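The values are calculated or read from the model by the stated rules, or taken from the named source; none is laboratory data. Fair warning: this is a prediction, and the values are worked out from it, not measured in the lab. Virtual Cβ from ideal backbone geometry, glycine too; neighbours counted across all protein chains shown.
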Amino acid sequence: MSLDQTPLQVITFTLDGREVTAAEGESIWQVAKRQGTDIPHLCWKDSPGYRADGNCRACMVEVEGERTLTASCVRQPSEGMVVNTANDRVSTNRRMVMELLAADMPARDTSPDPDAPFWTQADAAGLTEAPRFPSSRPGAGKDIPVDSIFHDASHPSIAVNLDACISCGLCERACRDVQVNDVIGMGGRGDHAMPVFDAADPMGLSSCVACGECVQACPTGALLEKTLLDETATQREVIPDCVEPSVCPFCGVGCQTEVSLKGNDIVKVDGRQGPANRGKLCVKGRFGMDYVMSDERLTKPLIRREDAPKNPHGHYTFADIPNLFREATWDEALEHAARGLTRVRETLGGKAIAGFGSAKGTNEEAYLFQKFIRQGFGTNNVDHCTRLCHASSVAALMEGVGSGAVSAPFTAADDSDCILLIGCRPEQNHPVAATYFKQAAKRGAKLIVMDPRRQGLMRHASHPVIFAPGRDVPMLNAMIHTIIEEGLTDEQYIQAHTDGFDALKEKVKDFSPEAMAEVCGVPAETLRDLARTYAKAERAIIFWGMGVSQHVHGTDNARCLIALSLITGQIGREGTGLHPLRGQNNVQGASDAGLIPMVFPNYRSVEDPDIRAEFEDAWGRSLDPERGLTVVEIMHEVAERRIRAMYVQGENPAMSDPDQAHARKALATLDHLVVQDIFFTETAWFADVILPASAQPEKPGTYTNSNRQVQVAMPVRVPPGEARQDWKLIAELALRCGHDWGYREIDEVYSEMAAHMPSLDNISWARLMREGAVTYPAVAENLPGENIIFTQGFPTKTGRAHLVPTDLVPPDEMPDAEFPMVLTTGRMLEHWHTGAMTRRATALDAQEPEPVVAMHPRDIGRMGLQRGAQVTVETRRGAITLTLRADRDVTQGMLFIPFCFVEAPANFLTNPQLDPFGKIPEFKYCAARISAADTATGIAAE
Amino acid sequence: MERRAHEVTKQRDPSLPKGRQIADSDVAEVRALLGGLPPRRDLLIEALHRIQDARGHISTTHIAALAEILRLAQVEVYEVASFYHHFDIVREGEAPPPPVTIRVSTGVSCEMAGAYDLIDELVAATDPNFVRVVAAPCIGQADGAPAAWIGKRIFRNATKDQLLRAIVQDNSTPDLPDYETFESYRANGGYTVLAKVLSAEITPEAAIETMSGAGLRGLGGAGFPAGRKWGFVRGYEGPRLMTVNGDEGEPGTFKDRYWMERHPHKMLEGAQIAARVVGCERIYIYMRDEYPTVLEILRREMVALEASDIPTIPMELRRGAGAYICGEESAMIESIEGKRGLPRHRPPYIAQVGLFGRPTLNHNIETLLWVPEILEKGADWFAAQGWNENHSGLRSFSVSGRVKEPGVKLAPAGIPLQRLIDDYCGGMADGHTLKAFLPGGASGGIFPASMADTPMDFGQWEPHGGFIGSHAVVILSQADSVRAAVLNTMRFFRHESCGQCTPCRQGTAKMVQMLEMGSAERALYDDLLMVMGDSSICGLGQAAGNCVKHLMRYFPEEFSQ
């Protein structure tokens, strides 16, 4: 019997003379609210994840027979209790509490936030007069002195004005309980008790990750967005005109947001109660939205000047645009864009054309984009950056369980008692998802964190495991070996739901923990403990990221994880499953919508004649019967001049593709390149036509997050200048290439797409508009979608999952005497993907403004380097120069470079060698060397 | 609050990750300082002590390194370290405190005996680079006022010259008195009652019945009947734990120290018996840091007991770190768990959900030390020790102030104050006449001489807005200012408020300010006293205003002066 079926004990008690009932666990405050009585409150935040603390004493009520009053937020009623929420004693006490706090506050008008709950609650508690008590705070009763010792404006995004602090600890609970970032605490004691960051450090120098949960929670404005304050960062200056619902444009978590606007400017973002985020956000979603207001937004259609040849070695900025491009009318630009494509179609055929769509756009855009390429040019050469992220995971999942989607949401961690994270750093890349893992660990669930680098999550882990880079398969196979050898398999499950077990069993015989320990760098006994912990858990779930997928053996890595879950039956139930954490806000949706060269929407093979016939009927032309080329293959064909024209919407292969010098050279050779974007990206440097498009808050459509939750967002602001909606631009190009689609509104696109996608059955546009988010699959229009899938077998031909044994494949390029270090690449918290958006977000760029290579301080010392100095990192493909960062999280012998910095693009260095199944490059491993830079700055590529 | 100056937007160092970074060598240093201490969160305060003891301070680097070792966030270590006043946190670039710290007790009795003059003299006579003079809350030596504390040594009836001589000595080990060791206690018949409990000659039911019949009440101050408490805790499902509250911080109280410096095994035997009867799996003894002598005695005697042939329930000694609030039982439990000492909300009571979430039996030291004797001599014997038939048992009164012979006075419960002074303390000090008295430390209120015939027992002072609490009796004479004594108590409560709830945190601070300003606005005081009394989370805030209330009621001329 699950928890929600347990009959709840009901308590009957008297509230203000009326007999009422409370459910078990309900507080007096909550019952009163249900009964229509709003009891004043400050330290209690009526929001999921916030526990009552009962410290402010604004919500006092009287319980008859008790000597003192009691805090209604924290007190639960008991049978027969008689509670008074409104009598003289109670109201006087509440008013006094407010007066005591107000005595130390700055004057309301000049306080950081005159609209803060503190003031409205003080009104509600009847505090009408000026406070009578003396105060020792310099700013009490007036404005905050600019030199106040309680003022801390050191953080780029958040102003701290503890002159307005009431020590209620909501910021601490926000930081510790809700986000589990563990930066804020209450330092000191007595009337010195105040929130502190780390060891009472300035916020801007602390380990604060600026999720801003404290700002959202603070009831006084003592912690507030700097964007709302005047230049002294003490007084409120900006009052938004309106607040609109939206969805975060950054990672695959899919947080729902509430965007405050002043005119056309986004001035503040809060978390909304979405299914994935439950009110939470991270630094990017909350403080990174000003990229849409960037001066560098493209506002006019641009056509390359005839006197500006494409230079593969060039390096440009926004200011260079007039030297390379001329402004054009929309008609001219669209015509030029379409003509370039049709010319290649007519002379060389459709297969000489390729398109990169975007995992940042909407589902509707993704659907239209692949339709445009397939219908317009008769080719399947359409792909997007999923190829660079989870293509190998999807390949393994499709092969093993018949579906590339996650089997359970990351919120399933709530129900899990063993959570295995491998090759992912969710605190940086999926911060809000990470909160669920940390909360689970705090509640006592086993948390296994496997990574070649140390990471913050390991502090919360019951099993922190640092293993040798690229040695996932031996480590995971050793776990599988142990599980089989020690009889920890779920025989019934294997029999009922899988095939291929015998082959797997045979293969892993060679992978005993004792034999693998040295290979993967994890002691045999630890490997056995890990295997037992995972297998014996009642409910275990696996999450993974690019550390698993971005290898030449990425598919094998994922196969091992799938095998682990299948042989132990840790899938298809609450709190169990497989979840590749999606990197981009709509990488799941874009893949679902068919932005993949092998498949039509819903992963339906282009090679299957029946399926193809369906789309040929729908789209009114014959379609390409062969798989198209993938991202890296396309770049290769471009270099070989077999692909001559490209349409790139919102992607940035000049930054994201491996072996970038090669990629950029290829892009420069194209006869025709149409780039549709909001910024002058590195890819746009090579464009023939640039179409200024809309940012996420400016366009309508749906997005599918990592959890299979389809969420709708409508425009909250208008695009700048002449910039246009992406979906309309795709349709316009289609029209000029001979296909009049005739859509009037975006819902028509959604409906057409959904008609081809059984996964979207019962999720109508009307339902999305009504509910905001629906998880697929949904069995009926009026039933919630299914969070957990594979409960009754698998969507394969046999209905059974397929176990695939794996071999030991070493990384493609091992360190040697010449290149002795292992280079791995990835993201950092503040910067997302290639940095096109986040480098243009003021607060984010202020946090991480320059390219760095991270290295263990012992290695730095050993090699005679200096942290902070410029160093050159070199591989067989190129060299870049950047700042050396000392980071004890980086294992000795390794280097880590984030790939978001145009000044020192990590992908000049990476190895383009592909996984044979997923066609994903090995971004996570190549051999490199490091030395002090000869010159101070500059890209040293080639 | 001590914070660093105004901050403007700072560019963090791009050559390092966010936040304070430490080196492997910093971690190694702290690891070495911890010795064999297991890296457990509940031992955080003990870990901080080891750093403070060895280095004389705790640097922010130590904090970060300790956090890494304990797998805590820096703030989790910092907030605990900054809560307890015996830890000196030193930031990067700051000078550590001077090598010698003299803590001069400034409790009511010590202030009356000239503690602040002593502080001034010491400051004038010492080099601030070498000696730091700290005005400390009551250190439990009020019968030797003024008292001071250096390292592990206590100085009673302290003088400037005595202390100046002391600062050049080695004060790193306590002076041990001649006390009853394990061997002598056993030779004197000790642990025979425990043996009877172990052999079931005294059954748990019988023990509880005897305790209830004896009328022994919790002598930490709350006065809850001990026998009933045993019954409650025993009724909750195990595993159960036991705590011994040795955080004797109520100003003017020193009886627990008195007994522990003489007969430590009485308490230990009582604790072992209570834990057996109630079925507790482990005993945590929380002793205030101000009692280095007791801590050393306990360290030795617990080892001696556990090494003997007597079957014992495991015991663990925990050391406070300068926080009166940790004498509040739920705050003490938080402290034992390695956290800031914030009292918990009730319900649930600790008997049901206490230490580490387990049902917990908590007793004061004096309560426990009566247990063997009561079980041996019977309920009636103890009950009959009271002043008359309305009062049960004996009480250890800590008497200080203007009496001829201050000290711990073992006297019948319910004795009128005047008889306590006359019969047990040799009368008032020469030249002094009784003007006012505090019957129960700083929180029990202050009463005029006219009430000296009121019985000194639980329940007698409550009708007058006070209580007897820990039986810490401070005697004031015509030479003393009641107002000054009241301000002393209020400053103490402001200093010791945990800061959790508004009425106490704000109320104690405002009350001090108002008294210091000489405000006599009765309505303002009345409102403040009401909200502190009605709406504070724990007894500290609820009782903090008692003395002010009595100043207004019984000493109006001093209130409005």
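Counting only residues that are within 21 Å of A:Asn323 (Cα to Cα), out of contact with any strand residue (DSSP E or B) (no Cβ under 6 Å at 6 or more places or on another chain) and touching a residue at least 12 places away in the same chain (Cβ under 8 Å), give me the strands (runs of 3 or more DSSP E) lying completely in region A:650-753 with at least 1 of them.
It comes to A:672-677, A:689-692.
Checking the structure you have, find out if any residue of region A:423-431 is more than 21 Å from the chain's Cα centre (by Cα), not aromatic (Phe, Trp, Tyr) and not in a helix (DSSP H, G or I).
For region A:423-431, residues more than 21 Å from the chain's Cα centre (by Cα), not aromatic (Phe, Trp, Tyr) and not in a helix (DSSP H, G or I): absent.
Search region B:478-531 for residues being of a type in the set (S, T, N, Q) and more than 26 Å from the chain's Cα centre (by Cα), and hand back the single one that is nearest to the other protein chains (Cβ to nearest Cβ).
B:Ser519
Could you say which residue among B:Arg491, B:Arg505, B:Arg553, B:Arg483 is crowded, with 23+ Cβ neighbours inside 10 Å, in a helix (DSSP H, G or I) and in contact with a helix residue (DSSP H, G or I) (Cβ under 9 Å, 6 or more places away or on another chain)?
Step by step, each of B:Arg491, B:Arg505, B:Arg553, B:Arg483 is checked, and only B:Arg505 is crowded, with 23+ Cβ neighbours inside 10 Å, in a helix (DSSP H, G or I) and in contact with a helix residue (DSSP H, G or I) (Cβ under 9 Å, 6 or more places away or on another chain).
Name the single residue that is nearest to the other protein chains (Cβ to nearest Cβ) among those in region A:112-161 being among the charged types (D, E, K, R), more than 22 Å from A:Thr92 (Cα to Cα) and assigned to a loop (DSSP other than H, G, I, E, B).
A:Asp147
In region A:60-100, what residues are part of a loop (DSSP other than H, G, I, E, B) and buried (at least 16 other Cβ atoms within 10 Å of the Cβ)?
A:Thr68, A:Leu69, A:Ser72, A:Cys73, A:Val74, A:Arg75, A:Gln76, A:Pro77, A:Met81, A:Thr85
Looking at A:Gly54, A:Gly36, A:Gly49 in this structure, which one is away from chain B (no Cβ under 14 Å), in a loop (DSSP other than H, G, I, E, B) and either on the phi < 0 side of the Ramachandran plot or surrounded by 15 or more Cβ atoms within 10 Å (Cβ to Cβ) (or both)?
It is A:Gly49.
State which residue is surrounded by the most Cβ atoms within 10 Å (Cβ to Cβ) when the search covers only region A:845-864 and only residues that are in contact with a Lys or Arg (Cβ under 8 Å, 6 or more places away or on another chain) and more than 12 Å from A:Leu884 (Cα to Cα).
Applying the filter and picking the extreme gives A:Gln847.
Hey, A:Leu623 hits all of (1) touching a Lys or Arg at 6+ places or on another chain (Cβ under 7 Å); (2) assigned to a helix (DSSP H, G or I); (3) hydrophobic (A, V, I, L, M, F, W, C) but one; which does it fall short on?
Failing condition for A:Leu623: (2).
Rundown of residues vs (1) among the hydrophobic types (A, V, I, L, M, F, W, C); (2) touching a Ser or Thr at 6+ places or on another chain (Cβ under 7 Å), yes/no style:
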| position | (1), (2) |
| --- | --- |
| A:Asp859 | no, no |
| A:Thr872 | no, yes |
| A:Thr875 | no, no |
| A:Gly878 | no, no |
| A:Thr881 | no, yes |
| A:Gly893 | no, no |
| A:Ile897 | yes, yes |
| A:Ala906 | yes, yes |
| A:Lys919 | no, yes |
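Given (1) without any contact (Cβ under 8 Å) to a residue 24 or more places away in the chain; (2) in a loop (DSSP other than H, G, I, E, B), identify the lone condition not met by B:Pro463.
For B:Pro463, the exception is condition (2).
Yes/no matrix, rows are residues, columns are (1) surrounded by fewer than 18 Cβ atoms within 10 Å (Cβ to Cβ); (2) in a helix (DSSP H, G or I):
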| position | (1), (2) |
| --- | --- |
| A:Gly583 | no, no |
| A:Gln588 | no, yes |
| A:Ala618 | yes, yes |
| A:Met635 | no, yes |
| A:Ile643 | no, no |
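Can you pull out every residue in region B:1-22 that is at pLDDT 95 or above, within 38 Å of the chain's Cα centre (by Cα) and either at the interface with another protein chain (Cβ under 7 Å from one of its Cβ atoms) or closer than 24 Å to A:Thr234 by Cα (or both)?
B:Gly19, B:Arg20
Just the residues that are modelled with pLDDT of 95 or more, closer than 16 Å to A:Ile144 by Cβ and of a type in the set (Val, Ile, Thr), please, taken from region A:194-233.
A:Thr220
Sort out which residues of region A:623-649 are modelled with pLDDT under 95 and closer than 24 Å to A:Glu752 by Cβ, and write them in order of number.
Answer for region A:623-649, where residues must be modelled with pLDDT under 95 and closer than 24 Å to A:Glu752 by Cβ: there is none.
Which condition does A:Asp624 not pass, out of (1) closer than 23 Å to A:Val552 by Cα; (2) over 29 Å from the mean Cα position of the chain (by Cα); (3) crowded, with 19+ Cβ neighbours inside 10 Å, if it passes all the others?
(1)
For A:Ser167, work out the one condition from (1) within 11 Å of another protein chain (Cβ to nearest Cβ); (2) within 20 Å of A:Cys59 (Cβ to Cβ); (3) out of contact with any helix residue (DSSP H, G or I) (no Cβ under 7 Å at 6 or more places or on another chain) it doesn't fulfil.
Result: A:Ser167 fails condition (3) only.
Under 7 Å between Cβ atoms, at least 6 apart or on separate chains: pull out the pairs that start in region B:514-529 with a residue that is in a helix (DSSP H, G or I) and end on any residue that is among the basic types (Lys, Arg) and surrounded by 13 or more Cβ atoms within 10 Å (Cβ to Cβ).
Taking only residues 6 or more apart or on different chains, the pairs are B:Leu524/A:Arg132; B:Leu528/B:Lys510; B:Leu529/B:Lys549.
Can you name the strands (runs of 3 or more DSSP E) wholly within region A:866-930 that have at least 2 residues being in contact with a strand residue (DSSP E or B) (Cβ under 8 Å, 6 or more places away or on another chain) and among the hydrophobic types (A, V, I, L, M, F, W, C)?
A:870-874, A:879-886, A:894-898
When you scan region A:191-239, how many residues do you find that are hydroxyl-bearing (Ser, Thr, Tyr) and more than 7 Å from every other protein chain (Cβ to nearest Cβ)?
Qualifying residue count, region A:191-239: 4.
Please find, among B:Arg55, B:Arg41, the residue that is of a type outside the set (Phe, Trp, Tyr), within 14 Å of chain A (Cβ to nearest Cβ) and surrounded by fewer than 17 Cβ atoms within 10 Å (Cβ to Cβ).
B:Arg41
Residues to consider are B:Glu334, B:Glu316; find the one that is away from every other protein chain (no Cβ under 13 Å) and under 30 Å from B:Asp88 (Cα atoms).
Just a single option satisfies the conditions, and that option is B:Glu316.
Residues are listed down the side, and each one gets a yes or a no for (1) out of contact with any Leu (no Cβ under 8 Å at 6 or more places or on another chain); (2) of a type in the set (Phe, Trp, Tyr); (3) within 14 Å of another protein chain (Cβ to nearest Cβ):
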{"position": "A:Arg840", "(1), (2), (3)": "yes, no, no"}
{"position": "A:Pro849", "(1), (2), (3)": "yes, no, yes"}
{"position": "A:Val852", "(1), (2), (3)": "no, no, yes"}
{"position": "A:Arg862", "(1), (2), (3)": "yes, no, yes"}
{"position": "A:Gly868", "(1), (2), (3)": "no, no, yes"}
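Taking the condition of being over 19 Å from the mean Cα position of the chain (by Cα) and assigned to a helix (DSSP H, G or I), how many residues in region B:64-121 meet it?
The qualifying residues number 21.
When the residues of region A:872-890 are filtered to those that are within 25 Å of the chain's Cα centre (by Cα) and not acidic (Asp, Glu), which remaining residue is farthest from B:Asp13 (Cα to Cα)?
A:Val890
Given A:Phe437, A:Phe372, which one is at pLDDT 95 or above, in a helix (DSSP H, G or I), among the aromatic types (Phe, Trp, Tyr) and more than 27 Å from A:Cys208 (Cβ to Cβ)?
A:Phe372
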